[in-house]
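The values are calculated or read from the model by the stated rules, or taken from the named source; none is laboratory data. Please read all numbers here as calculations on a predicted model, not as lab measurements. We place every Cβ from the backbone using ideal geometry, glycine too, and count neighbours over all the protein chains shown. Heads up: the accessible areas ignore ligands, DNA and RNA and are worked out on the full protein's heavy atoms, side chains in. Shrake-Rupley method; radii C 1.70, N 1.55, O 1.52, S 1.80 Å.
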Amino acid sequence: MKWVLADGWTVARRDLIHWANQPMTVVFGVAFPVVITLAFGYLFGGAVEVPSGADYFAFLMPGMYGMTMLFGLSATMIAVTTDASKGITDRFRSMPMAPSGVLIGRAIADLLNSVLILAGLLACGLAVGWRPATLPGALGAVGLLLLLRFSLLWAGMYLGLLTKDPGGVVAIQTLEFPIGFLSNAFVAPGTMPGWLGAISEWNPLSSTVAATRELFGNPGWGGESWVAQHAVLMAVLWPVAITAVFFALSVRLYQRLDR
C-alpha cells in the first residue's frame, strides 16, 4: 500500500506539473461549463416551466453540476489514450511501479481537476443568483457530485485503456449528450413515454441530480417510483457500484496490456 500511494502521487504530480506549464488548458476546462450554463440559463430560461414556479437558475444549476461531472468521462479517456499513443503507458509498465498506483495517480489528478471545474461552476451559480438552502446540505451535495465523478473516471480509464486510440474518444463524447439528456437534469421523466421515463429514472445521473437538488434545497421534478423517492441513497450506491466494477476491470486490463 505504501508504494501504491507513493507511485500514485508521483503520477498525479506529473499532471499537476503539466497544469503549471499549460495553464490555459485548465482555464478553458473551467470556463467551458460556465459558458454552457449561461447559454442554457439566458437562452432557454424563459421558455421552460420550472416546478413550483421557482427561478430557472435554482432549477438549472444542480443539473449542470451533474452534467459537468458526466462530461469528465471523455476528459479522462483523452488523457489515458494520449499517454498510450505516446508510449508513456508502456514506459510506466516497464518501471517497478504498482499497476494500481499508476491508475490511482490518474484518478487523483482528474478528481482535482474536477474540483476546480466544479468550484468555477459553483461560483457562476452564485453570481447569477442561485443559492443553496444550508451549508451542510451544500457540502453533502458537492460530495455526491464528486463521488459520481470519481466513479466515472474509473469508467473513463477502462474505456481509454480498451480503445488505446484518441479517435475512439469521439464515440464516447457523442454518447455523453444522449446519456446526459436521458435523465432528470432538464426534463421530467414523467413527461416521457413509460419505458423511456423508467430508463431516465434509473440513470445514475438522475439519482445524483435529484439528490443534489434535495440537499441544495432547489426545486426538482419529484416522482413516485422507488428510485425517485430514495435519490440520496441511490446517489451513493450507483457510484460505489460503478467504482467497484471499473476499478477492478481497469487494473486487470492495465496488467494485461501488450508491452
Within segment 34-42, does at least one residue satisfy the condition of being within 28 Å of Ile172 (Cα to Cα), crowded, with 20+ Cβ neighbours inside 10 Å and not β-branched (Val, Ile, Thr)?
yes
Can you list residue pairs whose Cβ atoms sit under 9 Å apart, with the first residue in segment 4-29 being over 23 Å from Thr68 (Cα atoms) and the second being open to solvent by 40 Å² or more (accessible area, probe 1.4 Å) and of a type in the set (Asp, Glu)? Count only pairs 6 or more apart in sequence or on different chains.
none
Condition first: basic (Lys, Arg), buried (at least 18 other Cβ atoms within 10 Å of the Cβ) and more than 18 Å from Thr208 (Cα to Cα). Can you find one or more residues in segment 102-118 that meet it?
yes
Does segment 151-162 include one or more residues that are assigned to a helix (DSSP H, G or I), polar (S, T, N, Q) and open to solvent by less than 20 Å² (accessible area, probe 1.4 Å)?
yes
Go through (1) open to solvent by 30 Å² or more (accessible area, probe 1.4 Å); (2) at pLDDT 95 or above for Leu144 and report which single condition fails.
(1)
Pull up segment 246-259, narrow it to residues that are in a helix (DSSP H, G or I) and touching a residue at least 12 places away in the same chain (Cβ under 8 Å), then point me to the one that is most open to solvent (accessible area, probe 1.4 Å).
Gln255
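Report the residue count in segment 121-142 for those that are more than 12 Å from the chain's Cα centre (by Cα) and part of a helix (DSSP H, G or I). Explain how you work it out, then say what you get.
Within segment 121-142, the subset more than 12 Å from the chain's Cα centre (by Cα) is 121-141.
Those left that are additionally part of a helix (DSSP H, G or I): 121-127, 135-141.
So the answer is 14.
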Counting only residues that are surrounded by 16 or more Cβ atoms within 10 Å (Cβ to Cβ) and touching a Gly at 6+ places or on another chain (Cβ under 6 Å), give me the helices (runs of 4 or more DSSP H) lying completely in segment 176-237 with at least 3 of them.
204-216
Evaluate segment 245-256: report whether one residue or more is more than 21 Å from Ala79 (Cα to Cα) and of a type in the set (Gly, Ala, Ser).
no
Only residues in segment 78-100 that are touching a residue at least 40 places away in the same chain (Cβ under 8 Å) count as the first member; pair them with residues that are open to solvent by 70 Å² or more (accessible area, probe 1.4 Å) and in a loop (DSSP other than H, G, I, E, B), Cβ under 8 angstrom, at least 6 apart or cross-chain, and list the lot.
Thr81/Lys164; Thr81/Asp165; Ala84/Lys164; Ser85/Lys164; Ser85/Asp165; Asp90/Arg259; Arg93/Arg259; Ser94/Arg259
